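The values are calculated or read from the model by the stated rules, or taken from the named source; none is laboratory data. Quantities reported herein were computed from a predicted structural model and do not represent experimental measurements. Cβ atoms come from the backbone with ideal geometry, glycine included; neighbour counts cover every protein chain shown.
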């Protein structure tokens, strides 16, 4: 093992994925190991198991980890778990301070390392920042709504801006979406973007539509809704509404973050509702601004996928941090 290797770790709510990287940040795919978060008792225990499974005498001193939620302070809480990731604890265990990123920021870094697989080009050319300069927006629709901005300078210097924009207010761009948001808020706090544009959001939309139509909901999970799009009219309508909500929010965030050079869409839910995302009436809400309609219409937009995105992104972030760019 080279002295400049690093250990990479994606710490999730349900699983922990660990790997080693090369000197230049590339993931050594043969070292990838995945552990059930219910079985391993914390990050340190997962690292000890990883070292034993690889049969190596010591782990690399350098490390990078991604976690869901806000990454601040020494002890970082892993969202919706009882786990904490301790920067000082990892430094004591491995020898150097770890790089810790928000999980979706790590995915955004992955786009700087590779083009990924473009499944659908909604508008213009592929907006990937892997080889182009500019400012890009990356959005992922999963169990939450991940949002990050990526800027690549003319000289190739990359900056990834992690955000918690999914927890910001939803941009209701039409009366239909305004009524939907109002029906979900029920007089409480305003609906967040993630409250609509996510897997739980899809289920909430589906249940709201079922109530409006006086029907008992047939689907009980987001997966059941997307699987029944072709046979359940309410499921079809829910996916269409989620697509409209997504494009409206995406257009608002492009203007907010100045990401005029491309939008990258990722996440299992986005892939599952692709037929709805393709619809012109949904995509029209991306350029809903009167003042910036032309500029928004020119923003390249693509649906992308890439394997082991968080690990790839962590390796790329480390590469830039240590001056191997």
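Structural remarks
- Check on residue 109, touching a strand residue (DSSP E or B) at 6+ places or on another chain (Cβ under 8 Å) and closer than 22 Å to residue 322 by Cβ: yes
- Only a single item in (1) crowded, with 21+ Cβ neighbours inside 10 Å; (2) within 14 Å of residue 274 (Cα to Cα) is not met by residue 237, and it is number (1).
- For the stretch 196-230, a tally of residues being more than 16 Å from residue 185 (Cβ to Cβ) and outside any helix (DSSP H, G or I) returns 12.
- Condition check for residue 72 on (1) part of a loop (DSSP other than H, G, I, E, B); (2) modelled with pLDDT of 90 or more: one failure, at (2).
- Yes/no for residue 99 being touching a residue at least 12 places away in the same chain (Cβ under 8 Å), out of contact with any strand residue (DSSP E or B) (no Cβ under 6 Å at 6 or more places or on another chain) and surrounded by 14 or more Cβ atoms within 10 Å (Cβ to Cβ): no
- If the condition is being free of Cβ contacts under 8 Å to residues at least 40 places away in the same chain and crowded, with 18+ Cβ neighbours inside 10 Å, then the stretch 211-227 contributes 217, 219, 225.
- Output for the stretch 4-32, where each listed residue is free of Cβ contacts under 8 Å to residues at least 40 places away in the same chain, surrounded by fewer than 24 Cβ atoms within 10 Å (Cβ to Cβ) and either under 18 Å from residue 97 (Cβ atoms) or within 21 Å of the chain's Cα centre (by Cα) (or both): 14, 15
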